[in-house]
Every structure is written in C-alpha cells, then in structure tokens.
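Take a look at the structure set out below.
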Amino acid sequence: MKYCLKDCTIRGVWAVVALAVLASCDSDLRELCYDHSHQGSQLNVRFDWTAVGDEAQPASMALGIFADGAQPVQTAFYGREGGVVSLLPYTYGFIGFNDDTEFLSHRGRTWEEFEIYAQPTELKNFTRMFSGTRSVPMARGTDDQQLVYEPDRLWTSAVSERRITAVGEETLTMRMRDAITEYAFTVSNVENLSYAVEVVATLSGMSGSWLPASHRGTDTHCIIPFVLTGEDTTLSGTVRTFGHCPGKGDNHASHMLTIYAEMKDGSKVYFVTDVTDAMHDTDHTNPDDGGTGHTEVPIVIDKLPLPKPITNGSGLQPDVDEWTEVFISIPMG
C-alpha cells in the first residue's frame with residue numbers, strides 16, 4: 001500500500017507506522033512506500049529541547065521524511081520526546097515540528113521547499129468590530145498583502161542527507177529551535193481611552209511562512225491582526241510572527257502598524273504609523289540558538305488621540321459602519 005499527501009493542516013497529520021524505500025515500488029523513487037512485509041532499520045527519533053528549555057511543552061510532534069524524487073511522508077508522536085520509525089537503507093532528509101497547532105498548515109514536496117504557513121483569514125473573523133457591511137480600511141500600500149492568522153507557537157528542526165546504512169538500530173537527534181519572533185507594542189498617553197469599547201491592531205510586511213530547512217521566514221509579505229489591551233492611558237499588545245525581511249536586501253518591506261478603535265458611541269477610527277525603522281533597527285536574533293528565537297521587541301509609540309464620543313444628543317450619531325482615518329505623526333520612542 002502506498003501513502004502520500006501533498007498538503008494538509010498540521011493537526012491533520014499522516015499516521016505512519018513503518019516506512020520503507022523499496023526498489024520494487026518504484027525504481028526511481030517517485031513515491032515513498034511502506035510495506036509491513038519488509039524489515040527495516042529501527043530509527044529512534046529523539047527531539048532535543050536543550051536550546052529551547054522547559055517552556056516548550058507541545059502535546060504532539062511530527063516528523064517529515066524526505067527522499068529525492070519521492071513524495072514526503074510524515075509520522076506523528078505523542079508528547080515531545082519522540083519515538084521509533086522503521087526505514088530501509090537510503091539517504092533521507094528529516095524535518096521535525098510540533099503539530100499541536102490550530103492556525104498553521106504546511107506544504108512542499110522537497111526538504112528544502114517544505115514550509116509551514118499561517119492560514120489566511122479576514123478581519124471580520126478576528127473580532128466583531130469588523131462585522132459591518134462596509135469594507136475594513138487597510139494601511140496604504142498593503143493591498144496586495146494577505147491577511148493571516150497570528151501563527152501558533154512553533155518549534156522546528158531539520159537534518160539533511162542522513163544515511164540509514166543497514167538493518168539494525170540507529171538514533172536520530174533533532175535539535176529543536178524556536179521559529180517565532182514576538183513583537184511587543186506599547187502606546188502611551190492615549191487620549192479618551194476610557195471611552196473605547198475595543199482596540200485591535202494589524203502589522204504588515206511580515207513573513208507569511210517558515211522554512212525549517214534554512215530556519216528563516218519567507219519573503220512573502222502578509223498582515224497579522226492582534227489584540228491591544230488598555231490600562232489607564234496605555235495600550236499594549238504582543239504579536240507572534242515568523243519574522244520579517246529575511247536577509248534584508250531585495251526582501252526589504254515597509255511595516256505599517258494600524259490601530260483600530262471602536263468608541264462607546266459606535267464611532268470607529270483608525271491610525272496608521274510606519275514602524276519599519278524601529279523594527280529593522282532592533283536586533284531580534286538569538287546567537288545562542290543560531291536563529292530567530294523567542295524574543296520580545298518593544299516598540300513604544302507616544303500619544304494617540306482617540307476621539308471623545310458624542311453624548312447627550314450633541315451632534316449626529318456616526319454611521320457605525322463608517323471608519324474615520326486620522327493622519328497623525330506618531331513620534332517613536
């Protein structure tokens with residue numbers, strides 16, 4: 001029996017008990033096959049969390065197995081420790097990642113191309129604030145960027161060209177690394193914050209997917225929504241991402257922070273500010289982990305003039321589906 005699948009959500013993994021690369025299945029390895037009638041080498045898969053620590057406690061793990069010219073095959077393990085797969089001698093590439101996620105999917109036939117991406121969404125799915133009949137305004141220059149869910153916590157590892165030499169028992173150690181960068185935003189001295197019913201934000205120009213083989217985000221730009229919470233005169237929020245502008249250079253993108261607020265009288269207002277320099281000037285790499293790492297990058301914005309709601313019949317009530325854009329210069333702290 002042959003088993004393969006090109007694309008699926010991470011939670012809907014392939015369940016594989018044993019794998020074998022068999023010349024009798026296809027001499028040029030166009031597909032991977034598994035057959036319980038063939039004995040294979042027992043490969044003990046161990047996920048090493050030393051670089052991440054105990055904060056990573058995924059409920060389940062996945063291991064993608066790649067061979068030249070073949071469809072990739074994937075097996076799943078409960079918990080974060082690993083397990084055993086059966087393989088016939090051949091040279092494989094392996095990618096490990098946690099598959100206990102909700103808003104991530106993956107695709108790619110080869111080890112190098114395999115990517116984990118955030119699923120697309122709409123702002124009206126994010127919060128009731130955007131449930132009106134009119135379209136939600138986006139920052140200028142971002143019309144071609146897809147809106148995606150904030151990615152779940154993700155840890156990945158990749159091993160290339162590992163030769164399984166003979167029937168017997170071997171161990172494969174996958175060193176797990178954090179694929180997520182978190183950006184923490186703080187907006188201080190917000191006017192009339194007590195009149196706000198809800199405040200959310202979007203961040204543009206972010207990587208839309210993750211390449212475990214090269215441990216970096218892709219240069220496909222997307223927009224990610226996230227929640228802002230208020231206390232006194234301060235708004236704050238953190239957004240998970242796959243990072244941005246891998247390698248800079250031609251992949252340079254502008255990063256627009258758009259803040260949306262709904263006031264008690266039903267009026268809606270949004271602010272747009274360019275946070276590109278603040279994000280690019282911040283070193284968010286983790287040298288100890290050799291990659292992005294789980295890092296919070298504070299970007300402080302001072303003063304945001306939310307409008308005071310119209311009360312006691314003083315003036316016309318706003319159209320609840322209308323959005324008012326406010327052009328302001330927000331000094332970066």
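Every number in this text was worked out from the coordinates using simple rules, so none of it is lab data. Quantities reported herein were computed from a predicted structural model and do not represent experimental measurements. FYI the Cβ positions are ideal-geometry reconstructions off the backbone, even for glycines, and counts take in every protein chain you see.
Taking the convex hull of the Cα atoms, report for the stretch 111-167 its projected area averaged over all directions, in nm². Show your work: numbers first, answer last.
On the way: hull surface 28.9 nm².
Projected area, direction-averaged: 7.2 nm².
How many nm is it between the label spots at Thr220 and Asn189, if each spot is 7 Å from the Cα in line with the beta carbon?
Between Thr220 and Asn189, the simple spin-label model gives 4.2 nm.
How are the Cα pair distances of the stretch 62-194 distributed, in percent, across 10 Å bins from 0?
Spelled out bin by bin, the stretch 62-194 gives 9, 29, 27, 17, 11, 5, 1, 0 percent.
Taking 25 °C and 0.890 mPa s as the conditions, I'd like the Stokes-Einstein D for the stretch 186-281 in µm²/s, using the Kirkwood hydrodynamic radius from alpha carbon pairs. Please list the in-between numbers first.
Values: Rh = 14.6 Å.
Value of D from the Cα-based Kirkwood radius: 168 µm²/s.
Can you list which of the GluC sites (Glu not before Pro) found in the stretch 104-206 are DSSP loop residues with at most 10 other C-beta atoms within 10 Å? Could the numbers behind the result be given before it?
Numbers: sites: Glu112, Glu113, Glu115, Glu122, Glu161, Glu169, Glu170, Glu182, Glu191, Glu198; in loops: Glu112, Glu113, Glu122.
Passing sites in the stretch 104-206 are Glu122.
Considering only C-alpha atoms, what is the centroid distance from the stretch 198-246 to the stretch 120-191, in Å?
Centre-to-centre (Cα) distance: 8 Å.
Restricting things to Cα coordinates, could you compute the convex hull volume per residue of the stretch 44-101 in Å³? Write out the running numbers ahead of the final one.
Details: hull volume 5.4 nm³, N = 58.
That works out to 94 Å³ per residue.
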